[in-house]
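Heads up, the thing below is written out as structure tokens.
Since every read-out is calculated from the coordinates, none of them should be taken as a lab result. This one's a predicted model, so the numbers in the text were calculated from it and none came from an experiment. Cβ placement follows ideal geometry from the backbone for every residue including glycine, while neighbour counts extend to all protein chains displayed.
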Ligand SMILES: [Zn+2]
Ligand SMILES: [Zn+2]
Ligand SMILES: [Zn+2]
Ligand SMILES: [Zn+2]
């Protein structure tokens with residue numbers, strides 16, 4: 001089983017993942033565009049028990065369209081996007097794909113909130129597209 | 001440059017609402033950057049950036065800042081909400097008059113039309129890019 005590693009921009013937070021992703025997703029919703037500053041957010045979700053996090057993150061909670069609480073983690077030193085949790089799936093953790101040292105294994109399985117996707121941000125037409133969640 | 005970019009007025013709040021940015025045009029540069037730093041900052045495959053005049057930017061709220069040496073040799077500084085981590089603004093020591101705006105922050109992004117990808121050498125194959133010119137590294141004059 002391969003170990004995946006990654007870190008924030010400043011290195012104060014780093015992590016190791018064993019096991020394969022449960023789900024890989026790309027989301028164009030307003031909240032994801034705002035926190036990334038770009039056209040979408042890309043995350044790989046793993047079993048929490050497969051992820052070891054070193055260092056301390058700050059969190060911000062928000063409510064999803066489904067009414068669940070999302071907890072978004074960032075590095076308080078450098079502001080990097082790191083992890084997300086959702087009360088609907090308490091055993092899973094999302095990791096921002098840009099934080100991995102090697103993300104060549106990543107490929108989104110689903111595109112969410114395509115209705116909010118900006119015209120300048122193209123997608124892979126072979127991926128399963130949902131207009132909303 | 002489209003005339004609309006000269007008179008553009010943009011406003012955005014961070015995810016928690018504790019900080020905000022207001023920007024007035026002109027917008028004089030629009031690009032995507034695939035450098036490793038931008039991947040780490042955004043958590044995605046590239047940053048989407050518009051350049052405005054720093055004199056035309058107003059920030060409110062408690063912001064943290066993080067600086068690092070960029071591949072170009074300049075110091076790049078990013079300002080983010082201390083409470084929720086949302087990046088509101090970037091700046092570079094090479095051109096202190098330039099405000100680097102994270103385009104995704106603004107709800108209306110219909111005005112944005114990137115015309116180049118920089119640092120394509122570190123592009124990830126899972127990251128889909130528009131059909132615009134791609135450059136291996138930095139370009140002078142951005
Ligand atoms: Zn950090
Ligand atoms: Zn989203
Ligand atoms: Zn905030
Ligand atoms: Zn960059």
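I'm a student and want to see the number: the projected area of the Cα convex hull of segment A:61-133, averaged over all directions, in nm².
Reported value for the Cα convex hull: 6.5 nm².
Say each of residue B:68 and residue A:132 gets a label point 7 Å from the Cα, pointing the same way as Cα to Cβ; how far apart are those two points in nm?
Going by the 7 Å Cα→Cβ label model, 3.7 nm.
How big is the equivalent ellipsoid of chain B along its three axes, where each semi-axis is √(5λ) from the Cα gyration tensor, reported in whole Å from largest to smallest?
22, 18, 15
Order A:38-45, A:90-97 from most to least packed using the mean count of other Cβ atoms within 10 Å.
Packing proxy ranking, top to bottom: A:38-45, A:90-97.
For a quick check: sort A:24, A:133 by the number of other beta carbons within 10 angstrom, fewest at the front.
Listing A:24, A:133 from fewest to most nearby Cβ atoms yields A:133, A:24.
Which ordering of B:10, B:105 is given by a fewest-first count of other beta-carbon atoms within 10 Å?
In increasing order of surrounding Cβ atoms, one gets B:10, B:105.
Take peptide B:69-80, look around each residue's Cβ out to 10 angstrom, count Cβ atoms belonging to other protein chains, and average those counts.
1
What's the percent breakdown of Cα-Cα distances in the protein assembly as shown across 10 Å bins, shortest bin first?
7, 32, 39, 19, 3, 0
When the helices in chain A are scored as -39500 (n - 2.57) per DSSP H run of 4 or longer and the sum is shared across all residues, what 222 nm value do you end up with, to the nearest 500 deg cm²/dmol?
-1500 deg cm²/dmol
In nm, give the distance between the simple-model label positions of residue A:115 and residue B:20, each being 7 Å from the Cα along the Cα-to-Cβ direction.
Reported label-point gap for residue A:115 and residue B:20 is 2.7 nm.
Ranked by Cβ crowding within 10 angstrom, fewest neighbours first, how are B:80, A:100, A:132 ordered?
A:132, A:100, B:80
When N counts the residues of chain A, how does its alpha-carbon radius of gyration compare numerically with 2.2 N^0.38 Å, as a ratio?
Ratio of Rg to 2.2 N^0.38 Å for chain A: 1.01.
What is the mean number of Cβ atoms from other protein chains located within 10 Å of the Cβ atom of each residue in peptide B:107-116, rounded to a whole number?
Taking the mean over all residues of the peptide, I get 3.
What Kirkwood hydrodynamic radius do you get for segment B:42-114 when you take the inverse of the mean 1/r over all pairs of distinct Cα atoms, in Å?
With all distinct Cα pairs of segment B:42-114 included, I get 13.1 Å.
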